[in-house]
Amino acid sequence: MEKGIPASKGYAIGTAFVVGVDELPVNEEKAASVEVEQGRLRMAIENTGKQLHALGEKTRQEMGEEPAAIIDVQIQMLDDPEFTGKAAARIEMDRISAAKAIHDVMNQYIEILSGLEDEYLRERVADVKDVGTRLLRNLAGKTGNLFAGLPDNAVVVARDFTPSDTAQMDKIKVIAFMTDIGGPTSHSAIMARTLEIPAVVGLKNISAIVKTGDIVIVDGIEGNVLVNPDETTLALYQSKRNQFETEKAKLKDLAHTQTITKAGKQIIVAANIGKPADVDKAIENGAEGIGLFRSEFLYMDRPNMPSENEQFEGYKQVAEKMAGKPVVIRTLDIGGDKKLSYLPLADEMNPFLGLRAIRLCLNQKDLFKTQLRALLRASIYGDIQIMFPMIGSLAEFLDAKEVTRECMVELKKEKQPFNEKIQIGMMIEIPSAAIIAETLAKEADFFSIGTNDLIQYTLAVDRMNPNVSYLYNPMHPAILKLIKMTIDAAHKEGKWCGMCGEMAGDAKAIPTLLEYGLDEFSMNAGSILEARKIIMNS
Ligand code: PEP
Ligand code: MG
């Protein structure tokens, strides 16, 4: 049994599908025919060349000359006598398969380059790896989507998933995730909870242990993974899964009730969403609002920046579907672990402490204004509220509000309607913001506590790093103190305070948060009903 970190509840029994280099078969046996292998190598080189040319062209158009030049270097490698030339020679000499030849030559090349003094040459390691992997993928016939050939009832296994990976996979076939790295608040974990499928993360080297086709059990409650289990174990987990599903179905009765505590306080239980399409699930689970729309997902998995109109349509759709219920839309939170292919950002030593979220938006005002204009224009279709992420000081919040005001002036001039009384709030996810919450509460219409980041910044614990996940403790007295300070500060100014970090949906934390007076709990749709049950019994 492999032990990891439980990241999304439930049990799944399915077929493993390993994503990554490990899935590429390298036949160790002697080749039956040298000619056939040479032909396969030539074909793989040709196909790789075509793909790289297309990629280079796209990159040149979208990102300019500098990044496209990197791909030019990769194209040249396809003719490099030290690389593909050597691979062809090895097929001839050692009678090995084309894949084995590429695999070996690539690793030798990487070893040599890694040991060199010259920095430029050392940096070529990444290119050799990239080209080599592409060649191996072509040899294995895996040219398209990483998830091509995904079986039904697939348990997808990877080192980690980027948001664009998860966007690519066929969600109907995927019944669970497991990853080597990541913690409960890494994006693959959040994605699994959004999809309401079980997930175990931080399994260290599960992507090497499990092979595509293995039967696996994913226990998203205890954080266990069992590979090729015996009949008795299978039966045990089938029964656990059925019981879990039955209880989940029972909770559905709470989908249409209000959330009122025993003491009679009405609480808003809202949903976190990433895309307009997620609203359906939120409504199905009885969300009383959208407490966090991670708008950056509108910017991801596409070749270019979404236009003002495209964004407007997305925000309008959510507002209309929520029919007057509050919809808190967070402005672009890019940087940190979230990147946009068409927006090259400088490499940073500590991206989570770098030019991220509101810092980036204030630095790239045009980009920010496009979003704000779209949000304001959509605000007449429902109760849209604007929320700024990563606010660390009063000046930053005032600057962001000032840009919003500039957009309002522009829209007025253009005679475009918007809600002039739109609520503008902020996330409290940097300790400095929690500490000066009393000052911020005078300017903000509301707060939403982003515990995912607040915990990592307060406790100096990387939210993605499984080696320190034991220190990632939402109930740490320092965290509880900051939360209490934030709620009290909001209430003192007559403002509401919500929470949209994962802690809001944590059954163990909810009673304490209620005691502190938290007004709104926003979480992935799949946790809403259980949270409502706990709140109604508190
Ligand atoms: C948070 O930090 O708690 C939060 C909700 O934002 P994200 O997880 O998108 O960083
Ligand atoms: Mg955050």
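A few comments on the model shown:
- Helix axis angle, 231-251 relative to the chain longest principal axis, alpha carbon, degrees: 30
- Accessible surface of the chain, 1.4 Å probe, proportion on carbon and sulfur as whole %: 53
- For the range 256-536, diffusion coefficient by Stokes-Einstein and Kirkwood Rh (Cα), 37 °C, 0.692 mPa s, µm²/s: 173
- About the centre of its Cα atoms, the range 256-536 shows a dipole size close to 400 debye [charges on the beta carbon of Lys, Arg (+1) and Asp, Glu (-1) only; nearest 20 debye].
- Rounded to the nearest 20 debye, dipole of the chain from Cβ charges on Lys, Arg, Asp, Glu: 1640
- Taking the DSSP beta bridges with both ends in the chain, the antiparallel portion is around 30 percent.
- Percent of beta bridges antiparallel (DSSP, the range 256-536, rounded to nearest 5): 10
- The range 242-344: relative contact order in percent, alpha carbon pairs under 8 Å with at least 6 residues between: 26
- Summarising the strand pairing of the range 141-262, around 35 percent of its internal DSSP beta bridges are antiparallel.
- Note on the range 219-270: Kirkwood radius taken over Cα pairs, Stokes-Einstein applied at 20 °C and 1.002 mPa s, translational D equal to 151 µm² s⁻¹.
- The range 256-536, relative contact order [Cα under 8 Å, separation at least 6], %: 20
- Percent of Cα pairs exceeding the 15 Å cut-off, where the set is the range 159-241: 58
- Among the listed pairs Lys369/Lys492; Lys316/Lys442; Lys281/Lys412; Lys240/Lys275; Lys3/Lys211, those beyond 25 Å (Cα-Cα): Lys369/Lys492; Lys316/Lys442; Lys281/Lys412; Lys240/Lys275
- Over the range 173-305, the alpha carbon radius of gyration divided by the compact-protein estimate 2.2 N^0.38 Å works out to 1.28.
- Entry note, the chain: relative contact order of 15 percent, from Cα contacts under 8 Å with a spacing of 6+ residues.
- Stokes-Einstein translational diffusion, the chain - Kirkwood Rh over all Cα pairs, 1.306 mPa s, 10 °C, in µm²/s: 63
- Crossing angle, helix 308-321 versus the chain [Cα axis fit, 0-90 degrees, rounded to tens]: 60
- Hydrodynamic radius of the range 456-538 by the Kirkwood approach over all distinct alpha-carbon pairs: 13.7 Å.
- In this structure the chain gives 44 Å² per residue of accessible area when probed at 1.4 Å with all protein chains present.
- Selection from Ala507, Gln456, Asn224, by position along the positive dipole direction of the chain (Cβ): Ala507
The values are calculated or read from the model by the stated rules, or taken from the named source; none is laboratory data. Everything numeric in this text was worked out from a predicted model, so none of it was measured. As a convention, Cβ positions derive from the backbone with ideal geometry for all residues, glycine included, and neighbour counts pool all protein chains shown. Accessible surface areas use protein heavy atoms only, side chains included; no ligands, DNA or RNA. Shrake-Rupley method; radii C 1.70, N 1.55, O 1.52, S 1.80 Å.
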